[in-house]
Amino acid sequence: MTKKDCIFAAPRPAAPFAFTAEVAGVFDDMLDRSVPLYRESLRRQAQLAARFYREGTRIYDLGCSNGNFGLALGAEMGARDFSMVAVDNSAPMLDRYRARLAATAFGERIVLEEGDARQVAMANASVVVINLTLQFLPLEDRDALLARVHEALVPGGVLLLTEKVVDGDAALAELEREFYYRLKGENGYSQMEISQKREALENVLIPETLAAHRARLERAGFSAVTVWLKWFNFAALLARKAD
Ligand SMILES: C[S@@+](CC[C@H](N)C(=O)[O-])C[C@H]1O[C@@H](n2cnc3c(N)ncnc32)[C@H](O)[C@@H]1O
Ligand SMILES: O=C(O)C(=O)C[C@]1(C(=O)O)C=C[C@@H](O)C=C1
């Protein structure tokens, strides 16, 4: 049974949002109610990862949290062998991932690494997943990470990048925010929860425009980029390294 996210339901002292044990304890409910099409996105990313995975290579999941992508991938891969490195700098998240993995038949295929995605060593990758994580890294660190991702990918390998985004047009950005907060309200969050979460995420979650993401992917060396899913201010991209 997933514990309900009530973290911001009562007035609390302003503090930067962090992936603490408290957040890890309600994470699935938080994402199911805060990220549009979260489960659809995970399911299709697992299918895409299975489609592009090459035997003898690795998959990297940067900012893996409690393993929702890893478990979806394991189910999708079935009896197929694979090797994945799942990285996160939140110990409480990895504790949960480890416990969930122990109950699966593919636990040996996923190595959990507690560390900073900006420093993780990567090589011989056919798939790299960065699902709602780049947005939490300082802007000045994002180019270097994506350049290392491109370098680590084998020819034809793919990066699956999902981000909260902001429209370059101020009026459209406002419209997207309006619909996003409408979604949160429909999912049971109060105006207090919505506004306290927004304040906590200020300068912690730094969204960019799709144009900025595309330009960075091009600088990193990716020539083929598609937006395969978009919902107002959330977008999922697939970037493929040339053969
Ligand atoms: C919104 S969650 C990602 C959701 C997750 N990828 C999924 O598919 O459900 C962001 C995650 O990134 C992690 N994170 C943030 N900054 C990080 C960093 N510098 N290095 C590694 N993990 C980081 C957080 O601990 C958190 O688990
Ligand atoms: O932007 C918000 O209000 C969100 O709750 C989004 C978001 C995210 O995109 O990662 C922020 C923090 C949590 O990880 C859950 C969802």
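Structure values in brief
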quantity	calculated
Label-point separation in nm, residue 116 to residue 81, each point 7 Å along Cα→Cβ	3.5
Residue 201 paired with residue 10, simple spin-label distance in nm, labels 7 Å along Cα-to-beta-carbon	2.4
Proximal lysines relative to residue 3, as straight alpha-carbon distance under 26 Å, when same-chain residues fewer than 8 apart are discounted	164, 184, 197
DSSP loop GluC sites (Glu not before Pro) with at most 13 other Cβ within 10 Å: longest gap in the chain	56-201
Hull volume in cubic angstrom per residue (convex hull over the Cα atoms of segment 116-243)	110
³J(HN,Hα) computed for each position of segment 97-102 - Karplus, 6.51 cos²θ - 1.76 cosθ + 1.60, integer Hz, glycine/proline x	4, 4, 5, 5, 5, 4
Paramagnetic label zone (point 7 Å from Cα along Cα-to-C-beta, residue 98; backbone N under 19 Å) in segment 52-70	61-70
0 to 90° range, to nearest 10: angle between helix 170-186 axis and the chain longest Cα axis	80
For segment 1-44, Kirkwood radius (reciprocal of mean inverse C-alpha pair distance, Å)	11.7
Within segment 21-241: Cβ-based charge dipole about Cα centre, in debye rounded to nearest 20 (Lys, Arg +1; Asp, Glu -1)	740
Within straight-line cross-link reach of residue 230, aspartates and glutamates at Cα separation under 18 Å, skipping those fewer than 8 residues along the same chain	32, 40, 163, 167, 169, 174, 176, 178, 208
Value of relative contact order over segment 6-113, rounded to a whole percent, pairs C-alpha under 8 Å and six or more apart	27
FRET efficiency estimate (nearest 0.05) - Cβ-Cβ, residue 218 to residue 26, R0 41 angstrom	0.65
Residue order, fewest to most beta carbons within 10 Å, for 230, 3	3, 230
Stokes-Einstein D for segment 1-119, Kirkwood Rh over Cα pairs, 25 °C, 0.890 mPa s (µm²/s)	161
Dipole magnitude (debye, nearest 20) for segment 1-120, charges at Cβ of Lys, Arg, Asp, Glu	280
Positive-end residue, segment 21-241 charge dipole about Cα centroid, Cβ charges, pick of 136, 149, 170	149
Cleavage-rule hits, trypsin sites (Lys or Arg not before Pro), segment 14-97, DSSP coil, Cβ neighbours within 10 Å at most 12	80
Whole-Å semi-axes of the ellipsoid equivalent to the chain (Cα gyration tensor, √5λ, descending)	28, 22, 16
Rg followed by Dmax, in Å, when segment 76-160 is reduced to its Cα trace	13.7, 41
Helical mean residue ellipticity (222 nm; -39500 (n - 2.57) per DSSP H run of 4+; nearest 500) of the chain	-13500 deg cm²/dmol
For the chain: relative contact order, % (alpha-carbon pairs under 8 angstrom, 6 or more apart)	22
Environment charge of residue 122, counting only residues whose C-beta is closer than 14 Å and scoring Lys/Arg +1, Asp/Glu -1	0
Reachable aspartates and glutamates from residue 241, criterion Cα separation under 14 angstrom, eight or more residues apart if same chain	151, 218
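Only the coordinates and a few stated rules stand behind these numbers; no lab work does. Since this is a predicted model, take the numbers as computed values, not measurements. With ideal geometry, Cβ positions are generated from the backbone for all residues, glycine too; neighbour counts draw on all protein chains shown.
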